[in-house]
Amino acid sequence: MRSISIPLKLINLQDDGFHLLVEVVVFKEKHFAVLDTGASRSVFDKSLIEQHLSETLQVSDEINAATLFTTTTTIQATIPEVKIGSLKIKNYETVAFDLQSVSETYQQFGHPPIMSIIGGDILMQYKAVINYKKMILRLYR
């Protein structure tokens, strides 16, 4: 089983503790995602999805996908390709939330905006190992 090493960025959110960010590429654009081992599934920012996939969206009544972040409406969409390091995930079916308030919180503390949360679905499927000492996410194909 081949592994992929992806650098992580550790950020401090004042009283909210530490968060890990990982760079992802969607729609051929680089974005930062929060690595959230407590989220049952990965989600992407609604505005990012609407901007690129407006013709193919489905509004969902699904209650928020067990992330830390509450939301109102969710949108289901299929992203043609999600890249995390050299891992390419084709036709990734996702749920999109409005992550603007999360992103603004990060930016208030001088961190990059957040366009995604990488959760348990991807972390489990690719047998993720987080090395805090080396600040590396290892995924296995």
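Any idea which residue in the stretch 30-41 is surrounded by the most Cβ atoms within 10 Å (Cβ to Cβ), counting only those that are at pLDDT 95 or above and closer than 20 Å to ASN91 by Cα? Result: ALA33.
Being of a type in the set (Asp, Glu) and crowded, with 16+ Cβ neighbours inside 10 Å is the filter here, so list the residues in the stretch 17-29 that pass it. Explain how you work it out, then say what you get.
Pass one, the stretch 17-29, residues of a type in the set (Asp, Glu): 23, 29.
GLU23 - this is the single residue of the stretch 17-29 that is of a type in the set (Asp, Glu) and crowded, with 16+ Cβ neighbours inside 10 Å.
A search for C-beta distances below 9 Å between a residue of the stretch 1-16 that is surrounded by 13 or more Cβ atoms within 10 Å (Cβ to Cβ) and any residue that is among the polar types (S, T, N, Q), counting only pairs 6+ apart in sequence or on different chains, returns ILE4/SER86; SER5/ASN131; ILE6/SER86; LEU8/ASN131; LEU13/THR105. Pairs are defined by a Cβ separation below 9 Å, a sequence spacing of at least 6 or placement on different chains, a first member in the stretch 89-114 that is within 13 Å of LYS46 (Cβ to Cβ), and a second member that is part of a loop (DSSP other than H, G, I, E, B) and among the small types (Gly, Ala, Ser); the pairs so defined are THR94/SER42; VAL95/SER42; VAL95/ALA65; PHE97/ALA65. Considering (1) closer than 20 Å to ALA96 by Cβ; (2) more than 11 Å from the chain's Cα centre (by Cα); (3) β-branched (Val, Ile, Thr); (4) modelled with pLDDT of 95 or more, the lone condition that VAL25 does not fulfil carries the number (2). Per this entry, ALA128 is counted among residues that are more than 18 Å from ILE11 (Cα to Cα), at pLDDT 95 or above and touching a Leu at 6+ places or on another chain (Cβ under 7 Å). The residues in the stretch 115-131 that are exposed (fewer than 13 other Cβ atoms within 10 Å of the Cβ) and either touching a residue at least 60 places away in the same chain (Cβ under 8 Å) or at positive phi (or both) can be counted, and the count is 1. Under the condition of being under 25 Å from ILE136 (Cβ atoms) and of a type in the set (Phe, Trp, Tyr), the residues counted in the stretch 79-101 number 1.
Give the stretch 89-129 a look and list any residue that's of a type in the set (Gly, Ala, Ser) and not in a helix (DSSP H, G or I), or say none. Hits for the stretch 89-129 are ALA96, GLY110, SER116, GLY119, ALA128.
The values are calculated or read from the model by the stated rules, or taken from the named source; none is laboratory data. All values derive from a computational prediction rather than experimental measurement. With ideal geometry, Cβ positions are generated from the backbone for all residues, glycine too; neighbour counts draw on all protein chains shown.
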